[in-house]
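The values are calculated or read from the model by the stated rules, or taken from the named source; none is laboratory data. All of these numbers come straight from a predicted model, not from anything done at the bench. Note: ideal-geometry Cβ built from the backbone for every residue, glycine included; neighbour counts use all protein chains shown.
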Amino acid sequence: METPHWRHDLTHKSVEDVWEESEFEEHEVPMPGGGSHPMRLAMRETRISAAKDSIAVTEVRRLTEKGHQTAIVTTARRLGTIAIASRMFARWSPRKLLRLYDATL
């Protein structure tokens, strides 16, 4: 039987279960176009299941100073926390990114 070839993908998800603040660590995350931004990040490995099938994924969350958690789920499990977080913001338009920065200041 041939091994399936998965396309690595990133997707945002709504945060319903809040992770403990003690799971988050401060990191300097490179931003698209240069520079970096300090972020409190946490990562967990999990599985997404549908019927009898499942796939291993990594979930990375960012915690803002106001306590809001932004999550991203990816099948690119070999990427580290910082690389995943950087890609999280690379997908957003500059306008959304600026709104996010304003909201966290």
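In segment 16-28, is there at least one residue being farther than 16 Å from residue 83 by Cβ and modelled with pLDDT under 90?
yes
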Got at least one residue in segment 29-40 being loosely packed, with under 15 Cβ neighbours inside 10 Å, charged (D, E, K, R) and modelled with pLDDT of 85 or more?
-> no
